[in-house]
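J.: Quick one: this structure, given as structure tokens, is what I'll be asking you about.
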Amino acid sequence: MDMKFNTKIPKPLKQAYIEELKQYSFCLENKQYSNAWYHLERSHIIGQSYPIEHTYSHWLMLKFGFMQKDTKEVFGQIIRLLVGGWKSFIDHVPLGNTGSANVPPLKSMPIPNDIKNLFNSK
């Protein structure tokens, strides 16, 4: 069995990941909470195959859950923080999963077309 280890996110994905986090911060500052969450989920989709970015997306989701006083999200994110990073490292993630506690952690989901194009170009 040939095991692939993911450690460093490719540059085009890193740029898109950072852009989603910038959009998240902008929306958060402007109290556009549903838009902020949307960009956090997109950051998760882009970064989920890479341990650092994957873990950081879940960390931000945990903080957001606390801000929103969303107990389900907080507990869901704690669980995801415990297992998400190593799943990325061994390249065993459910592609397209938004990372939210509202979806099963192991469920693959459709990838938005713009992100799919980004994946195909890396």
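The values are calculated or read from the model by the stated rules, or taken from the named source; none is laboratory data. The structure displayed is predicted, hence computed values, not measured ones. Methodologically, a virtual Cβ is constructed for each residue, glycine included, from the backbone with ideal geometry; neighbour enumeration extends over all protein chains shown. Side chains included, ligands, DNA and RNA excluded: accessible areas come from the protein's heavy atoms. Shrake-Rupley method; radii C 1.70, N 1.55, O 1.52, S 1.80 Å.
J.: Answer yes or no as to whether Phe119 is more than 19 Å from Lys8 (Cα to Cα) and not in a loop (DSSP other than H, G, I, E, B).
T.: Taking the combined requirement at face value, the residue does not satisfy it.
J.: Where the second residue is small (Gly, Ala, Ser) and open to solvent by 10 Å² or more (accessible area, probe 1.4 Å) and the first is touching a residue at least 40 places away in the same chain (Cβ under 8 Å) and in a helix (DSSP H, G or I) and lies in the stretch 35-47, which pairs have Cβ atoms under 8 Å and are six or more apart or on separate chains?
T.: Ile46/Ala16
J.: Please find, within the stretch 69-94, the residue that is nearest to Thr7 (Cα to Cα) out of those that are modelled with pLDDT of 90 or more and open to solvent by less than 40 Å² (accessible area, probe 1.4 Å).
T.: Result: Arg80.
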